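Structure first, commentary second.
Please treat every number below as a calculation from the coordinates, not as lab data. A quick note: this is a predicted structure, and the numbers were derived from the prediction, not measured. Methodologically, a virtual Cβ is constructed for each residue, glycine included, from the backbone with ideal geometry; neighbour enumeration extends over all protein chains shown.
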Amino acid sequence: MIWIYTCSTNPGKMVEFELIANEACLAGYQIAPLPELREIKAPEETGDTFEANAELKAQYYSRFSSELVLADDSGLQVSALDGAPGVYSARYGGEDATDEQNNDLLLANMAGVADRRACFVCVIAIAKAGKTVHLARGTVEGELLTARRGSGGFGYDPVFYYPPLAASFGELTREQKLTVSHRGNALRQIASLLKRA
């Protein structure tokens, strides 16, 4: 059995990691949170790209284990805001901002703006002993709503509208979302790399 430890405390992400692992039939791999993750001081995310931050986190946390460690960095890029909130998506409304506060600020900053194009980005890095061994990037294009729709998902899901399914990510089931989402796309790439390793 090969262990892959994740360094996320987000329960929504953990479920998505496990669903993709099952879908991809990653036999021989076991995904679990990094042991004692909450006791490890988080690294400062100093990268100015999703790739830089994903690698930074994966490499950092892999020094606390002899197994593979998976980290992701993801966020929302809004065209009319020159790509913001981008790598600052989780802390758009401040260091300790909640999803609700981040969404409130985003909607306020986009009030009256006609160009609603937005793109979710997810970069996943897998590292071992301080070195990156796999890296994948997934994206999904959509539009920013003027108000929340749906109570599912997390982060900016309720304000991100996906035209092909005529729904916000907050209105989709977790399985529907993973079929088309940025994280689902990146995880499938990672699963393919692991199966070839």
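Under unit Cβ charges (Lys, Arg +1; Asp, Glu -1), what dipole magnitude, rounded to 20 debye, does region 2-190 have relative to its Cα centre?
It works out to roughly 360 debye.
Given a Förster distance of 45 angstrom, what is the FRET efficiency for Gln30 paired with Val180, based on the Cβ-Cβ distance and rounded to 0.05?
The value I calculate is 0.95.
Write out the GluC sites (Glu not before Pro) in region 1-82 meeting two conditions: DSSP loop, and at most 11 other Cβ atoms within 10 Å of their Cβ.
Here the sparse-neighbourhood loop sites are Glu36, Glu44.
Taking the alpha carbon gyration tensor of the chain, what are the square roots of 5 times its eigenvalues, largest first, to the nearest whole Å?
29, 19, 14
Extending each Cα 7 Å along its Cβ direction at Asn10 and Thr46, get the distance between those two points in nm, one decimal.
2.3
Once the cut-off is 21 Å, how many percent of the Cα-Cα pairs in region 1-117 end up in the long-distance tail?
Value for region 1-117: 48 percent of Cα pairs lie more than 21 Å apart.
Please arrange Leu178, Leu187 by counting, for each residue, the other beta carbons lying within 10 Å of its beta carbon, fewest first.
Ordered by Cβ neighbours within 10 Å, fewest first: Leu178, Leu187.
Run the numbers for Thr173 and Asp96: contour at 0.36 nm per residue of separation, minus the present Cα-Cα distance, in nm.
Once the chain is fully extended between Thr173 and Asp96, it gains 25.0 nm.
Taking amide hydrogens as modeled 1.01 Å from N in the peptide plane, which residues meet the under 5 Å criterion relative to Ile4, leaving out close sequence neighbours?
It is Gln30, Ile31, Ala32, by chain and number.
Run the dipole for region 37-147 about the Cα centre, Lys and Arg Cβ at +1, Asp and Glu Cβ at -1, nothing else charged, and hand back the magnitude in debye, nearest 20.
420
Considering the options Leu19, Ala84, Thr46, tell which one lies farthest towards the positive end of the dipole of the chain, charges being +1 on Lys and Arg and -1 on Asp and Glu at the Cβ, about the Cα centre.
Final value for the positive-end residue is Leu19.
Compute the FRET efficiency between Thr146 and Met1 as 1/(1 + (r/R0)^6), taking r as their Cβ-Cβ distance and R0 = 35 Å, and round to the nearest 0.05.
About 0.15, to the nearest 0.05.
Excluding Leu105 itself, calculate the net charge of residues whose Cβ lies under 12 Å from the Cβ of Leu105, where each Lys or Arg counts +1 and each Asp or Glu counts -1.
Charge balance near Leu105 sits at -2.
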